[in-house]
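Working notes for the structure below.
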Amino acid sequence: MPTLAFSACFLPAPLKHICTNDMIVTTQVKLYKKVKFLFRCHAWDAVIELCSDYLGRHWKSSDSTEFTNKNLFQREMHLLLARANYYKGEYPNAAKELNLYVMLYPKDVLGYYYLARTHYQLQNHDKTLYYIDNSLALDPNNPKFLLRKALFLSRHNSREALNTIEEVVA
């Protein structure tokens with residue numbers, strides 16, 4: 001059990017507390033570490049395969065409404081799957097997974113942020129701005145989101161871009 005507590009220090013905050021449960025959680029922590037390692041190594045195909053396999057076997061939409069350890073793990077797996085598709089250049093697959101993600105977790109700002117980036121790559125400019133604005137609605141003072149909006153607008157609407165840049169600097 002001490003090894004498990006030690007390994008928890010390497011997990012993101014939402015997943016740290018799940019390390020005190022049972023053997024299933026231990027398996028999930030090992031899988032999560034493996035997926036994160038592969039993600040850092042840019043092994044997108046392996047990440048997509050592992051996340052898809054896990055979600056295909058364990059995910060139920062009814063689980064998403066409960067705040068449980070299983071839900072936290074599944075949420076992270078959905079986001080990793082979407083991001084791996086994005087970085088691999090499979091933007092339609094990333095958008096599909098991210099749409100599911102924001103439907104399941106509407107208060108999570110990262111889903112909207114990554115949807116904005118994905119739709120930018122798909123050249124869906126209206127949706128890009130829509131999702132940037134959604135991420136800013138959830139976290140209005142986030143300089144990363146404000147900067148992303150300013151960069152997007154600088155290519156499409158220079159007046160509004162200047163106003164957004166002034167917000168970032170202020």
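If you take the beta carbon distance between residue 156 and residue 31 as r and set R0 to 41 Å, what does 1/(1 + (r/R0)^6) give as a FRET efficiency, to the nearest 0.05? It comes out at approximately 0.50. Potential lengthening of the chain between residue 133 and residue 103 amounts to 9.2 nm, from the contour at 0.36 nm per residue minus the alpha-carbon distance.
Placing a pseudo-label 7 Å from each Cα along the Cα-to-Cβ vector at residue 43 and residue 122 gives an inter-label distance of 2.9 nm.
Too long at a 29 Å Cα-Cα cut-off: which of 30/144; 34/127; 33/127; 30/127; 33/144?
Over 29 Å apart, Cα to Cα: 30/144; 34/127; 33/127; 30/127.
Summarising the label geometry, the points placed 7 Å from Cα in the beta-carbon direction at residue 90 and residue 141 lie 4.0 nm from one another.
Every number here is computed from the coordinates shown, using simple stated rules; none is lab data. As the structure is a computational prediction, the values presented were derived from the model and not from experiment. A quick note on method: Cβ atoms are made from the backbone with ideal geometry, for glycine too, and the neighbour counts reach across all protein chains shown.
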